[in-house]
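The values are calculated or read from the model by the stated rules, or taken from the named source; none is laboratory data. Remember, it's a predicted structure, so these values are computed and weren't measured experimentally. Cβ placement follows ideal geometry from the backbone for every residue including glycine, while neighbour counts extend to all protein chains displayed.
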């Protein structure tokens with residue numbers, strides 16, 4: 001009951017509101033949970049941390065869950081994480097079992113969400129207890145490890161690495177802060193922008209530009225295709241019964257665990273979680289040949305994995321200050337607004353906020369289930385919301401969000417615009433937003449930890465010899481890089497084989 | 001381990017890490033160019049074709065219109081905020097015009113009903129946001 005002490009009715013209302021808005025964003029193809037959180041950030045400017053978190057967690061859970069609706073009904077994943085839901089969900093819909101497929105997905109999503117919340121509750125404090133013992137050396141190595149993972153699991157190793165390092169470089173623009181032991185001098189800034197960039201680019205406008213404007217520009221470049229004409233029928237076919245989950249507890253648990261684990265790894269999107277869980281399901285299924293033809297177990301694996309991601313991605317965020325995915329990277333913006341530092345000390349020093357996170361995460365999952373399960377007939381209409389009404393609202397919210405991020409600075413609006421364009425053209429040349437933003441968020445900390453370690457010990461050897469934890473981290477870094485090179489090598493081999501085949 | 005010794009001059013410490021990151025970035029960019037050399041050669045050979053295809057697939061009117069309207073929105077809102085300082089009225093008025101224009105740009109078949117809906121939305125949405133942020137949360141708006 002201690003957990004519920006700090007919960008207020010307003011929080012519960014905001015969670016529910018967040019879930020509903022999140023479902024709308026998730027259910028519209030092209031819009032994501034990350035975009036939902038980025039666009040709605042300005043709503044939190046006037047709220048305190050606890051109520052802000054309630055809204056943002058609702059958006060996160062709703063945004064991840066809403067993706068299953070178009071995946072099943074029109075074979076287009078609403079969010080990248082529901083890509084594998086199309087494999088079996090849409091064939092089920094074609095057989096006239098759309099409502100059954102949706103409800104299976106919703107229940108699996110609830111299981112995945114609650115499973116990952118449970119893991120978060122027990123694992124985050126334990127990880128924070130270990131991390132509290134870290135010196136600057138280990139903290140730098142953790143960030144280095146996070147960046148190698150981001151690069152190694154990117155679509156292309158080299159593109160992910162360039163994006164991450166570019167994010168770090170951009171984060172260093174501005175003053176080397178005296179508060180962090182710096183010398184207070186400005187760097188990487190052209191003379192005429194020194195006044196505006198004295199503190200570098202502000203995080204929130206960068207986030208809103210990259211995850212809000214970029215998406216709209218990509219849609220605009222395609223001429224803002226009209227919303228899909230619905231050709232689906234909900235009812236009919238085999239009705240949904242909970243007995244469909246009989247014998248699938250293993251599937252639910254395994255896929256949720258995979259989702260939670262992938263969430264733990266920094267910068268990895270939900271698509272990796274659901275693809276891994278789906279492939280694993282295919283390997284272990286009694287009828288692997290049936291997967292892809294409209295089997296409920298395919299929907300169960302995919303949906304429990306992508307909701308498992310939510311709690312998993314919050315673990316490194318809360319205990320290390322490292323976001324697990326792009327949505328939690330945006331959430332860092334909300335903490336920054338409140339002047340709070342995430343990291344090993346967070347849970348101990350802000351127990352109330354930690355309890356709020358837990359209660360609201362569980363509540364968000366329950367609300368998501370209630371809204372989607374019982375009002376599915378209305379939720380499906382969301383995919384037909386006209387884009388000509390929605391996109392202008394989103395752009396207006398983005399502009400006001402960027403402007404208000406630092407209490408009214410027009411340069412922040414230009415930052416939003418600049419990074420929106422950067423995201424659009426960056427994607428064209430293969431840069432990736434998630435590694436970039438995580439590099440941007442962690443860059444300044446990486447600098448402080450790296451420089452202070454060298455200033456204290458006077459040698460680079462300290463990074464290898466400081467402690468057994470440092471050695472352990474190097475092993476993890478080596479494994480992550482080894483995996484990355486192995487994957488890159490396999491891709492080259494595959495490419496060569498395909499060319500040979502032609 | 002003498003070769004691993006490093007001394008950082010405090011006066012120049014603000015450039016120490018950015019220089020390392022800058023060099024890592026240059027090396028990675030070179031590696032990216034080498035790794036993708038085949039694609040680049042192919043792209044260069046078919047530059048005219050691929051460029052033409054890219055431009056053809058780009059909806060210039062909608063894309064350019066979005067960017068143009070957004071720039072105009074930001075610039076005009078900034079100017080008008082000097083005329084009506086600290087009221088948020090510049091935001092309110094400019095957002096209504098911006099949203100209506102953008103909706104009309106994105107509308108494929110401009111039936112009377114859809115245009116009316118777009119205009120109602122363009123009036124209502126900025127008003128709700130303006131009221132919530134400026135009047136309830138007391139946030140500064142342009």
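Considering only residues that are in contact (Cβ under 8 Å) with a residue 24 or more places away in the chain, over 28 Å from residue B:138 (Cα atoms) and more than 10 Å from every other protein chain (Cβ to nearest Cβ), which ones fall in segment A:416-430?
Result: A:422, A:423, A:426, A:427.
Determine, yes or no, whether residue A:335 is closer than 26 Å to residue A:139 by Cβ and assigned to a helix (DSSP H, G or I).
Here the answer is yes, as residue A:335 does meet what is asked.
Which count do you get for residues in segment B:86-116 that are at pLDDT below 90 and away from chain A (no Cβ under 11 Å)?
Total meeting the criteria: 1.
Could you check segment B:9-21 and list, in sequence order, the residues that are surrounded by fewer than 16 Cβ atoms within 10 Å (Cβ to Cβ) and at the interface with chain A (Cβ under 9 Å from one of its Cβ atoms)?
Passing the criteria: B:10, B:11, B:12, B:20.
Please give the number of the condition residue A:42 fails out of (1) more than 14 Å from chain B (Cβ to nearest Cβ); (2) farther than 28 Å from residue A:287 by Cβ.
Tallying (1) more than 14 Å from chain B (Cβ to nearest Cβ); (2) farther than 28 Å from residue A:287 by Cβ, residue A:42 fails exactly one: (1).
Residue check: is residue A:495 touching a strand residue (DSSP E or B) at 6+ places or on another chain (Cβ under 7 Å) and surrounded by fewer than 18 Cβ atoms within 10 Å (Cβ to Cβ)?
Criteria not met by residue A:495.
Name the one entry in A:413, A:492 that is without any contact (Cβ under 8 Å) to a residue 12 or more places away in the chain and within 11 Å of another protein chain (Cβ to nearest Cβ).
Answer to the selection: A:492.
Please list, ordered by residue number, the helices (runs of 4 or more DSSP H) wholly in segment A:400-502 having 2 or more residues that are within 25 Å of the chain's Cα centre (by Cα).
Counting at least 2 such residues, we get A:410-428, A:433-457, A:468-501.
Does residue B:141 meet the test of being facing chain A (nearest Cβ under 8 Å) and either within 23 Å of residue B:71 (Cβ to Cβ) or assigned to a helix (DSSP H, G or I) (or both)?
yes
Scan segment A:368-396 for residues that are facing another protein chain (nearest Cβ under 7 Å) and at pLDDT below 90 and jot them down.
A:387
Identify, by number, the condition in (1) closer than 29 Å to residue A:32 by Cα; (2) exposed (fewer than 14 other Cβ atoms within 10 Å of the Cβ); (3) touching a helix residue (DSSP H, G or I) at 6+ places or on another chain (Cβ under 7 Å) that residue A:239 doesn't meet.
The single condition residue A:239 does not satisfy is (1).
Only one residue in A:224, A:206, A:215 is crowded, with 16+ Cβ neighbours inside 10 Å, away from every other protein chain (no Cβ under 14 Å), under 28 Å from residue A:390 (Cβ atoms) and at pLDDT 85 or above. Which one?
None of the other options fit; the residue is A:206.
For residue A:159, indicate whether it is without any contact (Cβ under 8 Å) to a residue 12 or more places away in the chain, surrounded by 15 or more Cβ atoms within 10 Å (Cβ to Cβ) and at the interface with another protein chain (Cβ under 9 Å from one of its Cβ atoms).
Considered against the rule, which asks whether it is without any contact (Cβ under 8 Å) to a residue 12 or more places away in the chain, surrounded by 15 or more Cβ atoms within 10 Å (Cβ to Cβ) and at the interface with another protein chain (Cβ under 9 Å from one of its Cβ atoms), residue A:159 comes out as no.
Of all the residues that make up segment A:175-201, how many are in contact with a helix residue (DSSP H, G or I) (Cβ under 9 Å, 6 or more places away or on another chain) and within 25 Å of residue A:456 (Cα to Cα)?
11
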